[in-house]
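Notes follow once the structure below has been shown.
The values are calculated or read from the model by the stated rules, or taken from the named source; none is laboratory data. Fair warning: this is a prediction, and the values are worked out from it, not measured in the lab. Every residue, glycine as well, gets a Cβ built from its backbone with ideal geometry; the counts of neighbours run over all protein chains shown. Surface accessibility is based on the protein's heavy atoms, side chains included, excluding ligands, DNA and RNA. Shrake-Rupley method; radii C 1.70, N 1.55, O 1.52, S 1.80 Å.
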Amino acid sequence: MYELIILSLLMRMPMHGYLIVKITNDQIGPWARISSGTLSTILNKLEQTGLIAVMSQESDSPRNGRHLRTYMITEEGRKRFHQLMMDTSSNLGDYQKFFHYKMVFIDLLRHDERVLLMNHYLNYCQITILYIQTEMDSIVHELADHPTPKFLENILRVLKHIVQQWQAEFDWVKSVCEEELEAGVENAH
């Protein structure tokens with residue numbers, strides 16, 4: 001996740017580490033945080049693998065002696081960014097979170113890639129909804145004779161809420177995808 005966010009940010013423009021931490025924490029927050037030390041380790045790894053490079057290094061202030069390193073993405077980093085953006089099979093348990101990060105940078109993909117990514121996610125939402133609805137039916141049959149009917153009612157209430165959330169997610173992405181398709185048709189003319 002951090003690799004995707006960092007490479008995505010550097011696709012926009014070169015940045016120093018402190019700005020990368022700030023924007024990353026704004027994206028993943030408010031309860032999750034990445035420390036400067038963790039980010040430094042990730043940036044070093046990305047630099048060692050040739051995905052990013054140090055563009056410049058300047059002193060933060062003469063008193064504290066810290067150096068601000070400004071990073072830029074390399075051609076290999078651009079390829080890796082594209083690979084991460086188009087990956088639809090990794091991290092399926094966290095795919096909703098990854099997809100949200102991808103949507104922030106989706107304009108960096110070609111039109112056909114944007115449509116493909118959104119259509120895949122629409123299918124992901126539909127499969128998730130269908131799975132939960134099937135589980136609800138199964139639970140009703142399994143717990144029909146349960147001595148505490150409130151237990152079944154509570155389970156179904158939560159699962160219905162989750163289905164509504166996934167339906168809202170589906171509706172949102174569908175509307176964005178329709179806008180993208182309309183824009184593609186207009187650009188073709």
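Does any residue in segment 30-56 that is free of Cβ contacts under 8 Å to residues at least 60 places away in the same chain come within less than 6 Å, Cβ to Cβ, of a residue that is among the aromatic types (F, W, Y) six or more places away or on a different chain, and which pairs are these?
Listed pairs, sorted by first residue: I42/Y2; I52/Y71.
Determine the pairs where a residue that is open to solvent by less than 80 Å² (accessible area, probe 1.4 Å) and of a type in the set (D, E, K, R), located within segment 162-189, has a partner that is modelled with pLDDT of 95 or more and part of a helix (DSSP H, G or I) with Cβ atoms under 6 Å apart, the partner being 6 or more residues away or on another chain.
Qualifying pairs under 6 Å: E169/C125; E180/R114; E180/V115.
Any idea which of (1) open to solvent by less than 70 Å² (accessible area, probe 1.4 Å); (2) within 23 Å of M11 (Cα to Cα) is the one S138 doesn't satisfy?
Of (1) open to solvent by less than 70 Å² (accessible area, probe 1.4 Å); (2) within 23 Å of M11 (Cα to Cα), only one is false for S138: (2).
Which residue pairs have Cβ atoms closer than 9 Å, lie 6 or more positions apart in sequence or on different chains, and pair a first residue in segment 132-156 that is farther than 17 Å from W166 by Cβ with a second residue that is among the aliphatic types (A, V, I, L, M) and not in a helix (DSSP H, G or I)?
From segment 132-156, the pairs are P149/L143; F151/L143; L152/L143; L152/A144.
Taking segment 75-96 only, how many residues are closer than 16 Å to N123 by Cα and assigned to a helix (DSSP H, G or I)?
Within segment 75-96, residues that are closer than 16 Å to N123 by Cα and assigned to a helix (DSSP H, G or I) number 6.
Against the definition (farther than 24 Å from S89 by Cα, open to solvent by less than 70 Å² (accessible area, probe 1.4 Å) and modelled with pLDDT of 95 or more), how does L159 come out, yes or no?
Against the criterion (farther than 24 Å from S89 by Cα, open to solvent by less than 70 Å² (accessible area, probe 1.4 Å) and modelled with pLDDT of 95 or more), L159 qualifies.
Has segment 85-107 got at least one residue that is over 21 Å from Q27 (Cβ atoms) and modelled with pLDDT of 95 or more?
Scanning segment 85-107, I find no residue that is over 21 Å from Q27 (Cβ atoms) and modelled with pLDDT of 95 or more, so the answer is no.
Specify the residue that is surrounded by the fewest Cβ atoms within 10 Å (Cβ to Cβ); the eligible residues are those in segment 30-59 that are in a helix (DSSP H, G or I), hydroxyl-bearing (S, T, Y) and in contact with a helix residue (DSSP H, G or I) (Cβ under 9 Å, 6 or more places away or on another chain).
Checking each candidate, the answer is S36.
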